[in-house]
Amino acid sequence: MKQETKIGFADLMVSGRKIKDEFFKQVDKIIDWKPIDKMICKYYKKGISVSGRPSYDGLVLFKMCLLQTWYGLSDYELEDQVNDRISFSKFVGLSLEDSVPDHSVISRFRSELTKKRAFEKIFQLINQQLEKANIIVRTGVIVDASITDSPRKPKGKKVYEAVEDRKEDESTNIIQLQEKVQPGVDTEARWIKKAGKLRYGFKKHVGTDLEGLVLGVVTTSANESDITHLEDILNASQVKKGMWVKGDKGYKSEKNDEIVKEKKMKNHIMYKAKKNLALTERQNAFNKLVSKTRFKVERTFGSIKRWFNTGTARYIGLDKMHTQNLIEAMAYNLYRSPGIIMSNCEK
């Protein structure tokens, strides 16, 4: 259902111009924004701005957050682009005669919804609509994690203590930093050594469907092991009895096997060899079979980073990074939705 927008005189003057906004029209056709708007209104109250004018609808600001992610814009760049591009202003629901929210309004909106943990609920509302449209298909969940680097890392001489993270993967080690807190450093990020390289930031744990669309997101500091967050990501992905779960050997443990069993799910987590005990031929064959579909979650990480120019922490702190991850997940799912609909029609 399309969102109703105001049409002013300036809009009529330029209505004959050809605007490349087909994607925005497709998104508006796929998503009924009314329940999204209603949800946002629960957490973001429209009042009066400091200048005495009515403040902006929450849905306008949320759609601006989507534009910001799709185009890899800063808050300042977002303000400029919505001012300059007719397709942007039409998508967010502004007439050309309306003033555009400035960068500070966007920042306050994002911070308020982050504090009230509203983005998680909006994410699930959008996914429910995508599922109803047969874009998301919940037959199971593929789990994996990716590191997001923070540019706000400590500088200077450091003393590290390496602690083994994954026993089956010696290239990944937790790094504990022992030094004084420096100004400008994100103190909620952490060091990790992966593939011989030190990285400072956060870890994004996700669950996807077979198409790679994101079902659930969990955000932690970078040094937290994947193996300890399987249940968290399964809960965030809203799994149901009878579904399968696919994951690499980093998620294999007796505890995780028991979690999968308790949830009455099909266990498709890859086997890992134990000390002095190699995998059997059957276990190797099972791992190869799982790897044929498990890679799709890695494709999701790569696509989000490549398409939206992300992969770096925009904000400071764990909660704000979780918001970044959720908005990126929503933007990714919506970005791929028109193509999936077309693919379904061709089948």
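Conditions (1) hydroxyl-bearing (Ser, Thr, Tyr); (2) within 20 Å of ASP209 (Cα to Cα); (3) open to solvent by 10 Å² or more (accessible area, probe 1.4 Å), marked per residue:
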position: PHE88; (1), (2), (3): no, no, no
position: PRO101; (1), (2), (3): no, no, no
position: ILE106; (1), (2), (3): no, no, no
position: ILE126; (1), (2), (3): no, yes, no
position: ILE136; (1), (2), (3): no, yes, no
position: PRO151; (1), (2), (3): no, no, yes
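Given the structure, is ILE136 in a loop (DSSP other than H, G, I, E, B) and either of a type in the set (Phe, Trp, Tyr) or on the phi < 0 side of the Ramachandran plot (or both)? Please lay out each step first, then the result.
Numbers: in a loop (DSSP other than H, G, I, E, B): yes; either of a type in the set (Phe, Trp, Tyr) or on the phi < 0 side of the Ramachandran plot (or both): yes.
The answer is yes for ILE136.
Of all residues in region 294-312, count the ones that are outside any loop (DSSP other than H, G, I, E, B) and farther than 18 Å from GLY216 by Cα.
Step one: list which residues in region 294-312 are outside any loop (DSSP other than H, G, I, E, B), which gives 294-308, 312.
The next check asks that each one be farther than 18 Å from GLY216 by Cα; those that pass are 306-308, 312.
Residues that pass the stated criteria total 4.
Please state which one of ARG294, ARG299 is surrounded by 14 or more Cβ atoms within 10 Å (Cβ to Cβ), touching a residue at least 12 places away in the same chain (Cβ under 8 Å) and of a type outside the set (Gly, Ala, Ser). First the steps, then the outcome.
Values: ARG299 fails: surrounded by 14 or more Cβ atoms within 10 Å (Cβ to Cβ).
Testing whether each residue is surrounded by 14 or more Cβ atoms within 10 Å (Cβ to Cβ), touching a residue at least 12 places away in the same chain (Cβ under 8 Å) and of a type outside the set (Gly, Ala, Ser) leaves just ARG294.
I need a count of the residues in region 90-99 that are buried (at least 16 other Cβ atoms within 10 Å of the Cβ) and farther than 19 Å from LYS25 by Cα. Spell out the reasoning first.
Pass one, region 90-99, residues buried (at least 16 other Cβ atoms within 10 Å of the Cβ): 90-94, 96, 98.
Okay, now just the ones that are also farther than 19 Å from LYS25 by Cα, so 98.
So the answer is 1.
When you scan region 320-342, how many residues do you find that are within 13 Å of the chain's Cα centre (by Cα) and either not basic (Lys, Arg) or not in a helix (DSSP H, G or I) (or both)? Before the answer, list the steps.
Initially, region 320-342 is screened for residues within 13 Å of the chain's Cα centre (by Cα), giving 320-335.
Now restrict to residues that are either not basic (Lys, Arg) or not in a helix (DSSP H, G or I) (or both): 321-335.
Residues flagged as within 13 Å of the chain's Cα centre (by Cα) and either not basic (Lys, Arg) or not in a helix (DSSP H, G or I) (or both) within region 320-342 amount to 15.
Just to be sure, is TYR315 of a type in the set (Phe, Trp, Tyr), touching a helix residue (DSSP H, G or I) at 6+ places or on another chain (Cβ under 7 Å) and either more than 19 Å from VAL217 (Cβ to Cβ) or without any contact (Cβ under 8 Å) to a residue 12 or more places away in the chain (or both)? Spell out the reasoning first.
On the way: of a type in the set (Phe, Trp, Tyr): yes; touching a helix residue (DSSP H, G or I) at 6+ places or on another chain (Cβ under 7 Å): yes; either more than 19 Å from VAL217 (Cβ to Cβ) or without any contact (Cβ under 8 Å) to a residue 12 or more places away in the chain (or both): yes.
In short, yes.
Can you name every residue in region 253-280 that is touching a residue at least 40 places away in the same chain (Cβ under 8 Å) and among the basic types (Lys, Arg)?
Hits for region 253-280 are LYS266, LYS272.
Which numbered condition in (1) under 20 Å from ARG336 (Cβ atoms); (2) modelled with pLDDT under 95; (3) open to solvent by less than 60 Å² (accessible area, probe 1.4 Å) is the only one that TRP33 fails?
(2)
Mind checking which residues of region 312-332 are touching a Pro at 6+ places or on another chain (Cβ under 8 Å) and open to solvent by 10 Å² or more (accessible area, probe 1.4 Å)?
The initial filter retains those residues of region 312-332 that are touching a Pro at 6+ places or on another chain (Cβ under 8 Å), namely 312-313.
Of everything in region 312-332, just one residue is touching a Pro at 6+ places or on another chain (Cβ under 8 Å) and open to solvent by 10 Å² or more (accessible area, probe 1.4 Å), namely THR312.
For TRP307, work out the one condition from (1) open to solvent by 80 Å² or more (accessible area, probe 1.4 Å); (2) modelled with pLDDT of 95 or more it doesn't fulfil.
Of (1) open to solvent by 80 Å² or more (accessible area, probe 1.4 Å); (2) modelled with pLDDT of 95 or more, only one is false for TRP307: (2).
Condition test on LYS272, is it within 30 Å of ALA189 (Cα to Cα), modelled with pLDDT of 95 or more and surrounded by 13 or more Cβ atoms within 10 Å (Cβ to Cβ)? Walk me through how you get there before you give the answer.
Working: within 30 Å of ALA189 (Cα to Cα): yes; modelled with pLDDT of 95 or more: no; surrounded by 13 or more Cβ atoms within 10 Å (Cβ to Cβ): yes.
Spelling it out, it is not the case that LYS272 is within 30 Å of ALA189 (Cα to Cα), modelled with pLDDT of 95 or more and surrounded by 13 or more Cβ atoms within 10 Å (Cβ to Cβ).
Need pairs with beta-carbon distance below 8 Å; first residue farther than 14 Å from THR148 by Cβ and of a type in the set (Phe, Trp, Tyr) and within region 320-347, second modelled with pLDDT of 95 or more and outside any helix (DSSP H, G or I); sequence gap 6+ or separate chains.
That search, which allows pairs on different chains as well, returns TYR332/LEU213; TYR332/VAL214.
Return only the number of the condition from (1) of a type in the set (A, V, I, L, M, F, W, C); (2) open to solvent by less than 20 Å² (accessible area, probe 1.4 Å); (3) under 12 Å from ILE142 (Cα atoms) that VAL260 does not satisfy.
(3)
To keep it simple, each residue is scored yes or no on (1) part of a helix (DSSP H, G or I); (2) among the hydroxyl-bearing types (Ser, Thr, Tyr).
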{"site": "LEU234", "(1), (2)": "yes, no"}
{"site": "ASN256", "(1), (2)": "yes, no"}
{"site": "ILE259", "(1), (2)": "yes, no"}
{"site": "TYR271", "(1), (2)": "no, yes"}
{"site": "LEU279", "(1), (2)": "no, no"}
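The values are calculated or read from the model by the stated rules, or taken from the named source; none is laboratory data. Just so we're clear, the structure is a prediction, and the values are computed from it rather than from any experiment. When we count neighbours, we look across all protein chains shown, and the Cβ atoms used for this are built from the backbone with ideal geometry, even at glycine. Only protein heavy atoms, including side chains, enter the accessible area calculation; ligands, DNA and RNA are left aside. Shrake-Rupley method; radii C 1.70, N 1.55, O 1.52, S 1.80 Å.
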